[in-house]
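Everything below concerns the one structure shown next.
Please treat every number below as a calculation from the coordinates, not as lab data. Bear in mind that the values here come from a model prediction, so they are computed numbers and not experimental data. Counting neighbours? That spans all protein chains shown, and the Cβs are built from the backbone with ideal geometry, glycine included.
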Amino acid sequence: MISRRKCGDAGQAFPIYIMVVAGLLFLAFAYLAVGQAAANRNGAQTAADAAALAAAQDTREQLAGKWVEVVLDPTKWQDIFDGNVAGLAPSCGRANELAAQNDAHVEVCQPTGLLAYDVDVQTDEPVGDSIVPGTESKYARASARAVIEPLCTFELPGADAGDDVLPQLTCKDRDWDLDPDDLAILPEPEDLFDVHLAD
């Protein structure tokens with residue numbers, strides 16, 4: 001009698017065991033699907049951040065070049081530090097390149113004001129098959145904004161200072177005393193402008 005009860009108990013426990021295992025497998029697949037979607041989303045955000053920064057950095061290089069062109073005319077400096085410059089080439093090509101390096105493509109790239117870029121990207125690969133219906137055709141999207149921040153201040157010399165006197169340029173914690181007769185050493189683009197993602 002005792003051995004028959006043990007066999008009967010084992011037979012009753014087997015369906016419960018199957019249900020528990022099935023439930024655990026379902027949860028494992030669900031976590032896998034969520035993780036896969038999160039990884040795709042993170043990849044899209046990385047691509048958006050890189051693309052926006054690339055566009056802003058390209059504009060920073062151009063602004064620094066424009067500043068070098070007019071370094072002997074400090075009355076034009078402030079417009080450049082404000083981003084108010086004509087003749088800048090579009091910078092969204094760099095955004096496209098960086099997005100492609102991160103397995104995504106740019107859907108929107110546009111300057112926001114004079115010193116910022118907004119970029120929207122979409123991943124090239126979908127989330128993929130999972131237990132969640134429809135994910136095989138879903139693509140991750142993300143947006144980012146990069147800001148170009150001028151780092152330098154200066155005061156124009158008085159009228160009695162003469163035309164050959166350049167103002168001292170203070171960029172963060174460094175002072176640049178520029179000699180119009182010796183311009184071999186000038187601030188680099190990263191000395192003049194900072195580029196970072198907007199909060």
Take segment 140-199, drop everything but the C-alpha atoms, weight them equally and run the Debye formula without solvent; then report log10 I(q)/I(0) at 0.17 Å⁻¹ to two decimals.
-0.69
Once amide H atoms are built 1.01 Å from N in the peptide plane, which residues 5 or more positions from residue 193, or in another chain, come under 5 Å H to H?
151
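Once R0 is set to 41 Å, what does the formula 1/(1 + (r/R0)^6) return for the Cβ-Cβ distance between residue 139 and residue 82, expressed as a FRET efficiency to the nearest 0.05?
Working: r = 38 Å, r/R0 = 0.92.
Between residue 139 and residue 82 the formula returns 0.60.
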Dmax and Rg, reported as Rg then Dmax, of segment 50-199 (C-alpha, Å)
20.4, 78
Computed E for residue 188/residue 112 - FRET, C-beta separation, R0 30 angstrom, nearest 0.05
0.75
Pull out the extension gain between residue 124 and residue 18, defined as 0.36 nm times the separation in residues minus the alpha carbon to alpha carbon distance; nm, one decimal.
34.2 nm
Would you mind putting 141-152, 101-112, 178-189, 116-127 in packing order, based on average other-beta-carbon counts within 10 Å, highest first?
116-127, 141-152, 101-112, 178-189
Computed FRET value (nearest 0.05) for residue 42 with residue 105, which takes r as the C-beta separation and R₀ as 22 Å:
0.85
C-alpha center-to-center spacing [segment 162-198, segment 46-70] in angstrom:
17
